[in-house]
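Below: one structure, written as structure tokens.
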Amino acid sequence: MEFASSLPPAYNNTQLITAFSQSFLSVVRSLNPNRKFFTDIKPAWAAWLHDKTEMLFNVTATGEAVVKTTTTEPSLLERCA
């Protein structure tokens, strides 16, 4: 796929942007990613300290926002440490 510039087209999805940015703001404000300023599409997210759950922010080939919890295999974490 070629683009007119060296940058890919911007992905402007308000739901994804809100969920992503609120994740940071919520942690800064209260150390809890579930204390939201606004309702968003992000599911409940356990604190890293408790179960090492990560949040995946992605976009499908059709342009749909995907926000879900996931975990990384301990063996991969160990190799990359």
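The values are calculated or read from the model by the stated rules, or taken from the named source; none is laboratory data. Given the structure is predicted, the values throughout are model-derived calculations rather than measurements. Please note: Cβ atoms are built from the backbone with ideal geometry, for glycine as well, and neighbour counts cover all protein chains shown. Each accessible area value is taken on the protein alone, full model and side chains, heavy atoms only, with ligands, DNA and RNA left out. Shrake-Rupley method; radii C 1.70, N 1.55, O 1.52, S 1.80 Å.
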Which pairs do you get when a residue that is farther than 23 Å from Pro43 by Cα, found in segment 55-81, comes within reach of a residue that is open to solvent by less than 60 Å² (accessible area, probe 1.4 Å) and modelled with pLDDT under 90, reach meaning Cβ atoms under 9 angstrom, with the pair 6+ apart or on two chains? Cys80/Thr72
So Lys36, is it modelled with pLDDT of 90 or more and either of a type in the set (D, E, K, R) or open to solvent by 100 Å² or more (accessible area, probe 1.4 Å) (or both): no
Expected output for segment 29-41 (first residue more than 20 Å from Lys52 (Cβ to Cβ), partner outside any helix (DSSP H, G or I), Cβ below 7 Å, 6+ apart or cross-chain) is Arg29/Arg35; Ile41/Ala65; Ile41/Val67
Select from segment 48-69 the residues that are assigned to a loop (DSSP other than H, G, I, E, B) and open to solvent by less than 40 Å² (accessible area, probe 1.4 Å) and list them in ascending order. Thr53, Gly63
